[in-house]
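In what follows, a single structure is set out as C-alpha cells and then discussed.
Coordinate-derived values only; no laboratory data. If you're wondering where the values come from, they're calculated on a predicted model, not measured in any experiment. Please note: Cβ atoms are built from the backbone with ideal geometry, for glycine as well, and neighbour counts cover all protein chains shown.
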C-alpha cells in the first residue's frame with residue numbers, strides 16, 4: 001500500500017504567528033461573528049483584537065473572515081480552521097490539566113516493591129485506598145526480598161519499598177510504618193501447639209525455618225539475636241526467601257518459624273500460631289525510598305501510607 005507523502009513542515013514565521021492566544025481570539029470572533037462582542041468577551045479593546053486577527057491571517061496567508069458585508073462571515077479558510085482551532089484549544093486545555101495533575105502527583109506511574117510478609121498486614125488496605133484516592137496513577141507491584149528491594153531502589157526500577165527490616169543505605173530513607181509482635185508458627189501436631197503461649201526457650205530443640213542473613217542487618221539476624229538472648233542458637237533446618245514458603249515447610253513438619261503476628265491471617269492447613277510467652281518481641285515493617293527522589297507521585301503515596309499507618313506505630317513496650 002502506497003503511503004501518503006508527509007506534509008512539509010511550516011516555516012518558523014508561520015508557526016510563530018499562529019499561537020494559542022491568536023487561535024483563542026479567532027474562536028471568539030468566529031463564534032460571535034462580531035468584533036465588538038468578541039472583544040468584550042475577551043476583555044480586550046476592539047482595535048487590538050482586529051490587529052491580532054490580521055496578524056493571524058497574515059501568518060496563515062489567507063483571510064479568515066469576509067468583512068465586506070454588514071455581518072462578518074467566515075471564509076472557506078476560516079471554516080476549515082474553526083474545528084481544528086477548537087480541537088487545538090481542547091488539547092491544550094487537556095495538556096495543561098494533565099501537567100498540573102502530574103505536578104500534584106495525581107497522574108503517572110508508581111513502582112512499589114514489597115516483602116511477602118507485608119501482604120498479610122497493611123498492604124491490601126494501603127493499595128486499595130491509594131487506587132481509590134489516585135485513580136489516574138498506575139500502581140505496579142513487585143514482590144521481592146529485602147536484598148532485592150535495596151538493589152531495585154538504587155537502580156530506580158522501583159520508586160518505593162516495604163521492607164522487613166529497614167534498608168540500611170545512606171542514599172535510602174527508611175521509615176518504620178508498622179510494629180507488630182512476633183509469634184511462633186509451628187506444626188499443629190507439635191506438642192507445644194497444645195499451649196496457649198510458648199516460651200521462646202522451649203524452641204531450643206526445634207529446627208528453625210529461617211530467612212537469608214544477607215544483607216545485614218536482616219530479619220534473620222533479629223530472630224537469631226532473640227534466640228541467643230534466651231541462651232540458645234537455633235538449628236537451621238532450611239533457609240527460604242519467602243514467608244509463604246516458610247509456612248509451607250512448617251505445615252509439613254520441617255520446623256518452626258518466628259513470623260509477624262499478621263501472618264496468622266494465612267490459615268494454612270497443618271500450621272498452628274501461638275504468641276510468645278513473656279516480654280513481647282516485635283518486628284518492624286519499613287517504608288523505603290531514595291533520598292533524592294522528588295517525585296510528586298511518590299510524595300502522595302508516602303503521605304497516604306503515613307496517614308493510614310500512624311495508629312500502627314505503637315511506642316515500644318506498649
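Quick notes
- Bridge type composition, the chain - antiparallel percent by DSSP, nearest 5: 60 percent
- Computed from Cα positions, the angle between helix 219-229 and the longest principal axis of the chain comes to roughly 30 degrees.
- Expected-Rg normalisation [2.2 N^0.38 Å, Cα atoms] applied to the chain: 1.66
- Fully extended contour minus Cα-Cα distance, from residue 307 to residue 88, at 0.36 nm per residue: 74.8 nm
- Histogrammed with a bin width of 10 Å, the alpha carbon distances of region 12-103 distribute as 16, 47, 28, 8, 1 percent, first bin at zero.
- Quarter the surface of the alpha carbon convex hull of region 179-282 and you get the mean projected area, 6.0 square nanometres.
- Taking label positions 7 Å along the Cα-Cβ direction at both residue 202 and residue 128, the computed distance is 3.6 nm, reported to one decimal.
- For a label point 7 Å along the Cα-to-beta-carbon line of residue 294, residues of region 86-103 with backbone N under 19 Å: 99-103
- Angle in degrees between helix 46-60 and the longest Cα principal axis of the chain, rounded to the nearest 10: 80 degrees
- Cα long-axis angle, helix 20-32 against the chain (0 to 90 degrees, to the nearest 10): 60 degrees
- Among 82, 241, 106, the largest mean-square fluctuation in a Gaussian network model of the chain (Cα springs under 10 Å) belongs to 82.
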